[in-house]
């Protein structure tokens, strides 16, 4: 067991202690946020805000500009989602889980394309297209941008984007040396699968929209 811990923490050799501590805190709150999202619990947003604020700083230090912008976007969308989820309809009911409309599917494509273009410009301006991870980071950024927008709108399909992005992120963060974050995304993948099932069950239990 000691060999495992030695190997694990050896990945952080040369990394400032405060960054490791902040990453751990961010991972814990990120895990809580995804868990609360699965439960359709409003606490998804305050926990997510804490996690994303920490990762904006961490990812800026590590030079993952795309993912840094993801978290800045998550931060702002968490504020919007917090407001949207607490809205009530005419019957004083909370906003239910629904499927995307054709218009929202179109917007998903537009957000994906615009995000790709935006991240390419950011990397080009900062001359960061010097490694394959930058291209992968650009792709995951676009995927997660769409996923976060759909989650804030309480759309079932948000989980599909999270699953795809999480699967790609596991090896990316492992390669970059952010081991805790890599394992976080592995857990996110598992929770996202269960989250999809839970939201689909919630959708099917609502006769007005299923």
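Ranked for footprinting exposure by Cβ neighbours inside 10 Å, fewest first, 119, 42, 111, 163 give 42, 111, 163, 119.
With R₀ set to 22 Å, the beta-carbon distance separating residue 204 from residue 103 gives a calculated FRET efficiency near 0.45. Between helix 158-176 and the chain there is an angle of about 0 degrees, using the helix long axis and the longest principal axis of the Cα atoms. Could you state, as a whole-number percent, how many of the C-alpha pairs of segment 128-210 are farther apart than 17 Å? Here the long-distance tail beyond 17 Å is 53 percent of all Cα pairs in segment 128-210. The Rg/Rh ratio for segment 67-152 is 1.09, where Rg is the radius of gyration of the alpha carbons and Rh is the Kirkwood radius. Sorted ascending by nearby beta carbons within 10 Å, beginning with the fewest, 16, 67 become 16, 67.
Annotation for residue 114 and residue 193: the two label points, set 7 Å from Cα along the Cα-Cβ direction, are 3.4 nm apart.
Please report, to one decimal in angstroms, the Kirkwood hydrodynamic radius of segment 106-155 built from all distinct Cα-Cα pairs. Write down the numbers at each step before the final one.
Working: mean 1/r = 0.0884 Å⁻¹.
By the Kirkwood definition, the hydrodynamic radius is 11.3 Å.
Extension gain for the segment residue 180 to residue 53, taken as residue separation times 0.36 nm less the Cα-Cα distance, is 44.0 nm to one decimal. Hey, what D do you get for segment 20-106 in µm²/s if you plug the Kirkwood alpha-carbon radius into Stokes-Einstein at 25 °C and 0.890 mPa s? Reported coefficient: 173 µm²/s.
Using only C-alpha positions, report the orientation-averaged shadow area of the convex hull of the chain, nm², one decimal. Show your work: numbers first, answer last.
Values: hull surface 49.9 nm².
Average of the hull's projected areas for the chain equals 12.5 nm².
Taking other C-beta atoms within 10 angstrom as a stand-in for reagent exposure, 65, 114 fall in the order 114, 65, fewest first.
Read the figures in this text as sums done on the coordinates, not as results from a lab. If you're wondering where the values come from, they're calculated on a predicted model, not measured in any experiment. Using ideal geometry, Cβ is built from the backbone for each residue, glycine included, and neighbour counts are taken over all protein chains shown.
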